[in-house]
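For reference, the structure discussed in these notes is given below.
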Amino acid sequence: MTPPLSKRIGAELLGTFWLVFGGCGSAIFAAKYFAAGGALDANGTELGIGFLGVSLAFGLTVVTMAYAVGHVSGGHFNPAVTLGLWAAKRFDNGRDVVAYIGAQVVGGLLAGACLWGLAKSAKGSGSMVGNMAANGYGDHSPGGYSMWAVFLAEALLTAFFLFIILGVTTGHAPVGFAPLAIGLALALIHLISIPISNTSVNPARSTAVAFFNGNGAPGQLWLFWVAPIVGAVIAGFTYEAITGIDGSHKDVSGDETVAARP
């Protein structure tokens with residue numbers, strides 16, 4: 001039985017909050033961390049978790065919340081995923097699509113506000129402008145990648161993310177392992193694209209920190225809505241044609257009998 005919409009959007013808000021808080025939080029607080037005194041420790045060792053750690057953090061947030069509340073809402077935690085599932089006819093109710101996206105954005109913004117508050121509370125933190133793990137292109141890309149390069153990467157990676165989600169949540173895949181596969185896919189996506197765009201593939205994640213970050217991030221936010229949605233919708237519309245698997249009978253609006261689907 002599908003839970004009430006109020007419970008499902010609560011689960012989406014909670015899951016998206018955790019994704020942003022855990023993923024962006026690891027990038028803000030732990031990606032590059034030095035011993036006391038603001039320098040390397042006595043052995044010359046940097047203590048941060050780096051790109052690998054941040055990538056795993058994003059993947060782990062999805063795995064943990066998919067198992068925790070995926071049976072309530074389907075575990076989307078991402079507007080692009082919701083729209084991709086809608087394109088694949090796995091999520092047909094238009095009202096629910098709007099409600100899910102609204103909950104995801106609100107959950108992300110609440111997490112972004114908490115991260116900003118925590119970061120500001122640190123002794124000697126100074127301004128957080130440009131230091132909130134925002135996504136960007138051109139001068140705001142970690143590797144200086146152009147707008148079109150970032151657009152292509154975000155669209156392509158989100159499309160493959162949706163292909164993986166659609167594939168591992170059908171009856172052809174082992175039951176109960178979908179969250180692990182999807183979390184690992186998100187970690188891999190981050191390993192590929194953190195240097196390109198700081199990795200979005202999730203408009204709610206990008207929105208969550210853009211306005212707290214400033215430094216051009218709000219003006220570039222449009223790309224991190226458009227590109228992931230384009231990639232996700234293309235994947236949703238083409239999955240059956242490519243694979244021959246019709247999963248349209250599998251609704252992902254939340255059901256305890258259905259595997260979690262981030």
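Observations on the model:
- Residue within segment 152-169 that is under 21 Å from the mean Cα position of the chain (by Cα), part of a loop (DSSP other than H, G, I, E, B) and more than 30 Å from Thr238 (Cα to Cα) present: no
One line per residue, one yes/no per condition, for (1) out of contact with any Cys (no Cβ under 8 Å at 6 or more places or on another chain); (2) surrounded by fewer than 17 Cβ atoms within 10 Å (Cβ to Cβ); (3) modelled with pLDDT under 95:
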residue	(1), (2), (3)
Thr45	yes, yes, yes
Gly48	yes, yes, yes
Leu60	yes, no, no
His71	yes, no, yes
Ile101	yes, no, no
Val105	yes, no, no
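- Residue in segment 119-138 that is modelled with pLDDT of 95 or more and assigned to a helix (DSSP H, G or I) present: yes
- In the set Met128, Met147, Met132, only one residue is hydrophobic (A, V, I, L, M, F, W, C), more than 18 Å from the chain's Cα centre (by Cα) and closer than 17 Å to Pro203 by Cβ; that residue is Met147.
- The residue that is nearest to His76 (Cα to Cα), among those in segment 219-262 that are at pLDDT 65 or above and buried (at least 24 other Cβ atoms within 10 Å of the Cβ), is Ala232.
One line per residue, one yes/no per condition, for (1) touching a Gly at 6+ places or on another chain (Cβ under 9 Å); (2) closer than 19 Å to Val72 by Cβ; (3) free of Cβ contacts under 8 Å to residues at least 24 places away in the same chain:
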site	(1), (2), (3)
Asp96	no, yes, no
Ala133	yes, no, no
Asp139	yes, no, no
Thr169	yes, yes, no
Gly183	yes, yes, no
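- Of all residues in segment 192-218, those that are closer than 21 Å to Gly107 by Cα and part of a helix (DSSP H, G or I) total 13.
The values are calculated or read from the model by the stated rules, or taken from the named source; none is laboratory data. Only a predicted model underlies this, so the values are computations on that prediction, with no experimental measurement involved. Note that we place each Cβ from the backbone using ideal geometry, even for glycine, and neighbour counts take in every protein chain shown.
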